Amino acid sequence: MSGEAENHAKTAIVPVQNASLAEQVATAAVLEDMQKASLQPLQAAPAPAAAPFSWDLDPREMLKLTSEVMTLPMVFWSTGLSLAYSLWLSSLPPAGGTTDPIGQRAA
């Protein structure tokens, strides 16, 4: 622990006592700019004006939306039926008198 304390004491930042005139001017300029920036109010860009909402509906768009909403259940229904049919077919035993192509099951 004492080694860590000694290292921290050795690496402490100490301000320069005899700064050159150029360094003093640069430091003063930076401090002045920082002070001006903190005093100026933030100027945000104006928000773009959003189009007001309208209750006017386009008949073509409503027809298209209605058609899409009506066909979606039919798509799900036909997909479900196809899946159920394929699962049912795969669960059936092979027909009598046929052999398994792999030859593992006897008819």
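The values are calculated or read from the model by the stated rules, or taken from the named source; none is laboratory data. For clarity, every value in this text was computed on a predicted model and none was experimentally measured.
Every residue in segment 13-29 that is more than 49 Å from the chain's Cα centre (by Cα) and either among the charged types (D, E, K, R) or modelled with pLDDT under 70 (or both), please. Correct list: 17 only.
Checked against the criterion of being of a type outside the set (Lys, Arg), modelled with pLDDT under 75 and within 28 Å of the chain's Cα centre (by Cα), segment 65-72 has no qualifying residue.
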